[in-house]
């Protein structure tokens, strides 16, 4: 990790300090790193960069909209390689929410998410797309864990 020096005006620093407090960051550095990662991911997405990613696609729709359920199922079947799982929630008499976890090439994931959100009867939708990086910060080739498909998460009680 490298140390850098930046200059921030008082108002911006006060906003960062409020964010640190609200979200419970350990300090300004953690908050600024998080904001930088988020900003870089957003910029890459806006510039159409591709590469492996994971995403949460959240959308609310009118479950009675004509053929919407059928159109959504068709979209997910056509992109089955991107879809890991979906959670379906009944919000009220006429509205449902789904949260779909997607994984694959960024352009393909964004394209599928845009297609779902654009369907007639989908009232609100948003995709949170997160690039998949290896331990060195490089894009992974497949976005998947190592050859065996297994990966390790260190726990608090074991050394990294």
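Could you check how many percent of all C-alpha pairs in the range 1-86 are farther apart than 16 Å?
Pairs farther apart than 16 Å: 71 percent.
Subtracting the Cα-Cα distance from 0.36 nm times the residue separation, let me have the gained length for residue 36 to residue 90 in nm, one decimal.
15.9 nm
Using all alpha carbons of the range 52-131, what is the percent of pairwise distances in each 5 Å bin, ordered from the shortest bin to the longest?
3, 17, 29, 27, 15, 7, 2, 0
By how many nm would the segment from residue 15 to residue 105 lengthen if fully extended, with 0.36 nm per residue of separation less the alpha-carbon distance?
29.0 nm
Values quoted throughout were computed directly from the atomic coordinates according to the rules given, and no laboratory measurement underlies them. This is a predicted model, so every value here is computed, not measured.
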